[in-house]
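Working notes, beginning with the structure itself.
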Amino acid sequence: MGKAVDIVEDRTALLSVHHISPVYEDDVVKTYDLLCDLGISDYTLLVTPMYLMKRTNTFSRDSMFTQFLQSLGLEIGQHGYSHTTKSGSQDEFTKLSRDQILKRLKSGRALIRKGFGISPKGFVPPQWAAPPLISKVARDLGFAYCIRENTVDSILDGRSLSVAARVISDGGRRLPTVDAMLEVQLGGSLQVGIHTLDHRSNEMFDFLADLKDNLGYRFVSYASYLSC
């Protein structure tokens, strides 16, 4: 990667919906409807190619759910391979070798191509957690960008961009925002990760409404921001 460093613009939230999988079809549709209600229309759909290592959780090009996702016109990114390790941890990539990372990225991309007829633009590991070498592997496979914690590696132009803070739901009733609140109040840039079950119990959508209506944040997909 190049050494150029940039900072994502203030009051910008790089927004993504995680766990896009057939197992969460109804929840994805509900999430889409809620985002429409908030007037949010630009974000990344993060597809997990074989969620929990189950073949039934892969996408088929002729399924109604796949066709629905394609009709939205949203960016599709690759989100891990199975989103889990053999031990059940969600940090799928943190302890993998380069060859193991390469195999999972390559196999996952092939499954998305088979299901959607297109390649994912970027790669985002579960929990945004992975060793730095993952961006080099993503570059070798032709991805346009790769995410590592607070860093967005823009592979096409060699830049590394940073965000001030991350907010990601953990599946509980309360949204963990404590670590990000200072940056939010200062208007610092964010990565925000929605999970498909957030509409059921936690405060994610109230948080998004506050960012948009009271704090002046704009929401964009990874690809949209990098293309500016």
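The values are calculated or read from the model by the stated rules, or taken from the named source; none is laboratory data. As the structure is a computational prediction, the values presented were derived from the model and not from experiment. Methodologically, a virtual Cβ is constructed for each residue, glycine included, from the backbone with ideal geometry; neighbour enumeration extends over all protein chains shown.
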Provide a single number: the residues in the range 36-69 that are in a helix (DSSP H, G or I), in contact (Cβ under 8 Å) with a residue 24 or more places away in the chain and either more than 18 Å from the chain's Cα centre (by Cα) or crowded, with 16+ Cβ neighbours inside 10 Å (or both). 8
For F205, only one of the following conditions fails: (1) within 16 Å of L38 (Cα to Cα); (2) crowded, with 21+ Cβ neighbours inside 10 Å. What is its number? (2)
Just to be sure I understand, how many residues within the range 137-160 are farther than 18 Å from L46 by Cα and of a type in the set (S, T, N, Q)? 1
Residues of the range 149-170 satisfying the condition of being crowded, with 17+ Cβ neighbours inside 10 Å and without any contact (Cβ under 8 Å) to a residue 24 or more places away in the chain: T151
Identify all residues within the range 158-170 that are within 23 Å of H19 (Cα to Cα) and in contact with a helix residue (DSSP H, G or I) (Cβ under 8 Å, 6 or more places away or on another chain); write none if there are none. A165, R166, V167, I168, S169
Filter pass, S119 being in a loop (DSSP other than H, G, I, E, B), at pLDDT 95 or above and more than 14 Å from the chain's Cα centre (by Cα): yes
Do the conditions hold for R98, that is, is it surrounded by 15 or more Cβ atoms within 10 Å (Cβ to Cβ), touching a residue at least 12 places away in the same chain (Cβ under 8 Å) and not acidic (D, E)? no
